[in-house]
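Asks: Sending over a structure as structure tokens; questions will come in a sec.
The values are calculated or read from the model by the stated rules, or taken from the named source; none is laboratory data. Predicted, not measured: the structure shown is a model, and the values here were computed from it. Cβ placement follows ideal geometry from the backbone for every residue including glycine, while neighbour counts extend to all protein chains displayed.
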Amino acid sequence: MSTYQKTFAIGKDLIVNRLGFGAMRITGNGIWGPPADKNEAIRVLKTAIELGVNFIDTADSYGPNVSEELIAEALFPYPAELVIGTKGGLLRSGPGHWHQDSSPAHFEEALNGSLKRLRTEQIELYQLHRIDAKVPAEKTFTFLKQAQQDGRIKHIGLSEVTVDQIKHAQEFFDVVSVQNMYSVDNRKWEPVLQYTASQHIAFIPFYPLSAGKVGVLETLQSIAGKHGATVHQIALSWLLHHSDNILLIPGTSSVAHLEENMQSLKINLTVDDMAALDKISG
């Protein structure tokens, strides 16, 4: 039987359960505006905590602002063990529209806004949503380093970055987390996963199941049938087994779907299961 580590220490001091919650989907269509059912969104957040989630990932651009506001409304005052990570660096002009802005001027406004909405004096994990090609990375990194020294940020993470970009950022501050697209059937960022594992950096995959290939689904369906699970649950379980620095943040606006995701923790993939899934190429 294949086993895996149940927790991970972000920045070596924020100990979280490896199945967290991504709060992007508690907003409206196109990640824009309020959710269709605010009461259900609040229930999702409260239920996540009840089910053992102690890491929530959000961003000021989700809504915008809506996700952070709902988290505070549902959970403040926060449980002592809860870690909330948020992100900055993207602007919104409408449903489904995202625009980069990693200038220090924007980050000053974005960070202060997140602090206010989350009702906290310090963001425990603040993540650069994207490195902006229009802004020298050094300027963005310098701002984040200064905000950390000021005490507004405890730890700093990155998103959608290469190994070289992580190394560049490490010249300015300790990088404690990286969010890149990654799944059993999409391993483009395998070198980043391996580098983060070697550096004790949390790797937080988004889109944990692409399922674009029939062969992928057949393998997943076969293993899912054996475990009495869904394909999505097997995809999440594979990530937990695959590397101990992976933190999962599946998102949903439904309590039922949240409960289904959390059942992934009860799946113990066998060595043969892992071998079959590992053969899938992304």
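Asks: Could you grab me the full set of residues in the range 271-282 that are surrounded by 14 or more Cβ atoms within 10 Å (Cβ to Cβ) and more than 22 Å from the chain's Cα centre (by Cα)?
Replies: Within the range 271-282, the subset surrounded by 14 or more Cβ atoms within 10 Å (Cβ to Cβ) is 273-274, 276-277, 280, 282.
Across the range 271-282, the qualifying residues are ASP273, MET274, ALA276, LEU277, ILE280.
Asks: Looking at the range 243-265, which of its residues are assigned to a helix (DSSP H, G or I) and either out of contact with any strand residue (DSSP E or B) (no Cβ under 7 Å at 6 or more places or on another chain) or among the hydroxyl-bearing types (Ser, Thr, Tyr) (or both)? Before you say what the answer is, go through the steps one by one.
Replies: Step one: list which residues in the range 243-265 are assigned to a helix (DSSP H, G or I), which gives 255-265.
Of everything in the range 243-265, those that are assigned to a helix (DSSP H, G or I) and either out of contact with any strand residue (DSSP E or B) (no Cβ under 7 Å at 6 or more places or on another chain) or among the hydroxyl-bearing types (Ser, Thr, Tyr) (or both) turn out to be VAL255, ALA256, HIS257, LEU258, GLU259, GLU260, ASN261, GLN263, SER264.
Asks: What number of residues within the range 244-265 are out of contact with any Lys or Arg (no Cβ under 6 Å at 6 or more places or on another chain) and either β-branched (Val, Ile, Thr) or farther than 13 Å from HIS232 by Cα (or both)? Even if it seems obvious, please write down each step before you answer.
Replies: Filtering the range 244-265 down to residues out of contact with any Lys or Arg (no Cβ under 6 Å at 6 or more places or on another chain) leaves 244-246, 248-250, 254, 256-265.
Of the ones still in play, those that are also either β-branched (Val, Ile, Thr) or farther than 13 Å from HIS232 by Cα (or both) are 244-246, 249, 254, 256.
Within the range 244-265, residues that are out of contact with any Lys or Arg (no Cβ under 6 Å at 6 or more places or on another chain) and either β-branched (Val, Ile, Thr) or farther than 13 Å from HIS232 by Cα (or both) number 6.
Asks: Name the single residue that is nearest to the chain's Cα centre (by Cα) among those in the range 246-261 being among the aliphatic types (A, V, I, L, M) and buried (at least 20 other Cβ atoms within 10 Å of the Cβ). Give the steps one after another, and end with the answer.
Replies: Going residue by residue through the range 246-261, those that are among the aliphatic types (A, V, I, L, M) are 246-249, 255-256, 258.
Subsequent filtering for residues that are buried (at least 20 other Cβ atoms within 10 Å of the Cβ) retains 246-249, 258.
Working: ILE246: 10, LEU247: 7, LEU248: 6, ILE249: 5, LEU258: 15 Å.
Among those that are among the aliphatic types (A, V, I, L, M) and buried (at least 20 other Cβ atoms within 10 Å of the Cβ), it is ILE249.
Asks: Collect the residues in the range 1-49 that are out of contact with any helix residue (DSSP H, G or I) (no Cβ under 6 Å at 6 or more places or on another chain), of a type in the set (Gly, Ala, Ser), assigned to a loop (DSSP other than H, G, I, E, B) and closer than 18 Å to ILE246 by Cα, keeping them in residue-number order.
Replies: Scanning the range 1-49 gives GLY11, GLY20.
Asks: Would you mind stating whether VAL175 is under 18 Å from the mean Cα position of the chain (by Cα) and either on the phi > 0 side of the Ramachandran plot or free of Cβ contacts under 8 Å to residues at least 40 places away in the same chain (or both)?
Replies: Numbers: under 18 Å from the mean Cα position of the chain (by Cα): yes; either on the phi > 0 side of the Ramachandran plot or free of Cβ contacts under 8 Å to residues at least 40 places away in the same chain (or both): yes.
When the stated conditions are applied, VAL175 passes them.
Asks: May I pose another question? Determine if the range 185-197 includes at least one residue that is basic (Lys, Arg) and in contact with a strand residue (DSSP E or B) (Cβ under 8 Å, 6 or more places away or on another chain).
Replies: Kept after step one, since they are basic (Lys, Arg), are these residues of the range 185-197: 187-188.
Of the ones still in play, those that are also in contact with a strand residue (DSSP E or B) (Cβ under 8 Å, 6 or more places away or on another chain) are 188.
The answer is yes; a qualifying residue exists.
Asks: OK, next. It is to be established whether one or more residues within the range 236-245 are more than 18 Å from the chain's Cα centre (by Cα), of a type in the set (Gly, Ala, Ser) and either modelled with pLDDT under 95 or surrounded by fewer than 21 Cβ atoms within 10 Å (Cβ to Cβ) (or both). Show your work before the answer.
Replies: If we filter the range 236-245 for residues that are more than 18 Å from the chain's Cα centre (by Cα), which is where we start, we get none.
Taking every residue of the range 236-245 in turn, none turns out to be more than 18 Å from the chain's Cα centre (by Cα), of a type in the set (Gly, Ala, Ser) and either modelled with pLDDT under 95 or surrounded by fewer than 21 Cβ atoms within 10 Å (Cβ to Cβ) (or both).
Asks: While we're on this one: Conditions: (1) in a helix (DSSP H, G or I); (2) exposed (fewer than 14 other Cβ atoms within 10 Å of the Cβ). ASN268 meets all but one. Number of the miss?
Replies: Result: ASN268 fails condition (1) only.
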